[in-house]
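First the structure, in the form of structure tokens, and then the observations on it.
The values are calculated or read from the model by the stated rules, or taken from the named source; none is laboratory data. Keep in mind the model is a prediction, meaning the values are calculated, not measured. FYI the Cβ positions are ideal-geometry reconstructions off the backbone, even for glycines, and counts take in every protein chain you see.
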Amino acid sequence: GLAGLLLVLQHHQVDGQAVPAKSYSNFTVLRVSPATQEQVTGLLSLDGRPGVDWWTPPRVGAPADVMVSPEARDAVLQQMNSLGLQWEVLHSDLQQHNGVVDRELAAAQLAGRVAADAYIDNKRYFLYDEIEDYIKRVAENHPNRVKVHDIGRTFEGRRMLVVHVSNCPYCNYTAIWVDAGIHAREWIAPATALFALSQLAENETAHADMREQLDWYILVVANPDGYQFTHTTDRMWRKTRSTTSMPGCYGADPNRNFDFHWNEVGASKNPCSETFAGRNAFSEIEAKNIRTFLWDNRLKIKLYISYHSYGNFILYPWGYTAENPKDWQTLKSVAMKANEAMVRAGSEPYTIGSSTQTLYAAAGGSDDWAKGFAGIPLSYTIELPGYKFGFQLPTSYIDAVARQSFEGLRAFASEVKRLR
Ligand code: ARG
Ligand code: ZN
């Protein structure tokens, strides 16, 4: 009847909204490999110009990807030419690539809600409310090993839920924290954390040892407002969605917003920048909610992991200085165990090193804060693979990345037990 018709119409509207509205028509993504510091500096001089977004920043001897608007293209190509650099075109029209993702998403939307009911099948990227529903359901279904901690609301009022999985959720074991999606567009990260959660919570027998004498705290989506925004409006959104002092510019980079050497390096005071550090440290409620939970549990959490994408890196502190932490050899050898396990599971190898030395200097990261301020001894940022797709990793890759990463977590867990 009429009610049914209205439901159908509403549903179509939901699906309509799920198609990102911002067009990336004729945006290109280029990959360059600078060989000298001079070339790196020359490339970096393009940073901050409208229409230039370094997805992975230039470093000597490594490939770097940059997204370029049609208006900025001439200037960028000219600069690359004059630096004697050649480039590979990863996408000549990002909107077409976006289109593929949109269609995948829209089709899955119709089929998906049922699949999510049963288990996480790694066949698509879930919406935030679906992830929230799944978390509530898994807690109901497995009360003896799953507890949910509501750590507060986001800027737009979404709930942030940390899922606690253990063979004994009241035993107060040594703990491992895993978060993902602090940067909104890095979709493979929440998908990977969600799979880990589903395996730990729902697989009765296969991973029982991982729950034994260990508490897992998993925050599947650390930046829910941004994540939702990448599904509805702008696939390439990175930051939170808070208002700023600049009309028309929204959000801060939550991974520049933690209060440990805040805003010292690799961050911006400009609210329109992709790496805006925020009005002040912990100006972003999402970062603040995470801080409070980590701080309250700092004595039991021995390992902090933050999933990002992309580039195959296991990064340990510091991001604020090129110096190494005193115990960097332990950090490195534990990361090597995780890498070995992932490679055994079929992954491309990960590059291991300190954030500053391996990637770039950037202060105010959650990993630095976890180690430097909260005193959590092992702290890592894991940049998952993007292959040639970058942030828009096709859904057909989710299963392999999630499973390989889960083997990494298994190795991390046994290292935590061994070092305890
Ligand atoms: N790609 C990540 C970012 O830009 C790397 C973070 C590494 N950690 C750090 N504290 N800088 O946020
Ligand atoms: Zn990131």
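Tabulated results
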item	result
Test result for ASP121, at pLDDT below 90, under 22 Å from the mean Cα position of the chain (by Cα) and in a loop (DSSP other than H, G, I, E, B)	yes
Segment 366-380, residues that are closer than 20 Å to ALA267 by Cα and surrounded by fewer than 24 Cβ atoms within 10 Å (Cβ to Cβ)	LYS371, GLY372, PHE373
Search result, residues across segment 32-48 that are farther than 17 Å from MET236 by Cα and touching a residue at least 24 places away in the same chain (Cβ under 8 Å)	VAL32, SER33, PRO34, ALA35, THR36, GLU38, GLN39, GLY42, LEU43, SER45, LEU46
Residue match in segment 170-181 (condition: farther than 20 Å from ILE382 by Cα, modelled with pLDDT of 95 or more, hydroxyl-bearing (Ser, Thr, Tyr) and surrounded by 21 or more Cβ atoms within 10 Å (Cβ to Cβ))	no
ALA361 being within 12 Å of ligand 1 (Cβ to nearest atom), in contact with a strand residue (DSSP E or B) (Cβ under 7 Å, 6 or more places away or on another chain) and over 26 Å from ALA402 (Cα atoms)	no
Residue within segment 292-300 that is more than 14 Å from ligand 1 (Cβ to nearest atom), buried (at least 19 other Cβ atoms within 10 Å of the Cβ), at pLDDT 95 or above and among the charged types (D, E, K, R) present	no
Qualifying positions in segment 364-398 - small (Gly, Ala, Ser) and over 17 Å from the mean Cα position of the chain (by Cα)	GLY372, ALA374, GLY375, SER396
Odd one out for GLU348 among (1) touching a Lys or Arg at 6+ places or on another chain (Cβ under 7 Å); (2) surrounded by fewer than 21 Cβ atoms within 10 Å (Cβ to Cβ)	(1)
Unique residue being among the aromatic types (Phe, Trp, Tyr), within 23 Å of TYR24 (Cβ to Cβ) and either in contact (Cβ under 8 Å) with a residue 24 or more places away in the chain or crowded, with 20+ Cβ neighbours inside 10 Å (or both) when the list is TRP237, TRP262, TRP328	TRP237
Residue match in segment 360-377 (condition: away from ligand 2 (no atom under 16 Å from the Cβ), under 26 Å from ASN289 (Cβ atoms), in contact (Cβ under 8 Å) with a residue 12 or more places away in the chain and not in a loop (DSSP other than H, G, I, E, B))	yes
Conditions (1) in contact with a Lys or Arg (Cβ under 8 Å, 6 or more places away or on another chain); (2) without any contact (Cβ under 8 Å) to a residue 60 or more places away in the chain; (3) away from ligand 2 (no atom under 16 Å from the Cβ); (4) outside any helix (DSSP H, G or I): number failed by MET160	(2)
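Here is a yes/no grid of residues against (1) of a type in the set (Val, Ile, Thr); (2) assigned to a helix (DSSP H, G or I); (3) at pLDDT 90 or above:
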residue: PRO50; (1), (2), (3): no, no, no
residue: TRP54; (1), (2), (3): no, no, yes
residue: ARG59; (1), (2), (3): no, no, yes
residue: PRO70; (1), (2), (3): no, no, yes
residue: ALA75; (1), (2), (3): no, yes, yes
residue: MET80; (1), (2), (3): no, yes, yes
residue: ASN98; (1), (2), (3): no, yes, no
residue: GLU104; (1), (2), (3): no, yes, no
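Yes/no per residue for (1) β-branched (Val, Ile, Thr); (2) under 17 Å from ALA184 (Cβ atoms); (3) at pLDDT below 95:
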{"position": "ASN203", "(1), (2), (3)": "no, no, yes"}
{"position": "MET210", "(1), (2), (3)": "no, no, no"}
{"position": "LEU219", "(1), (2), (3)": "no, yes, no"}
{"position": "TYR227", "(1), (2), (3)": "no, yes, no"}
{"position": "ARG235", "(1), (2), (3)": "no, yes, yes"}
{"position": "THR243", "(1), (2), (3)": "yes, yes, no"}
{"position": "SER273", "(1), (2), (3)": "no, yes, yes"}
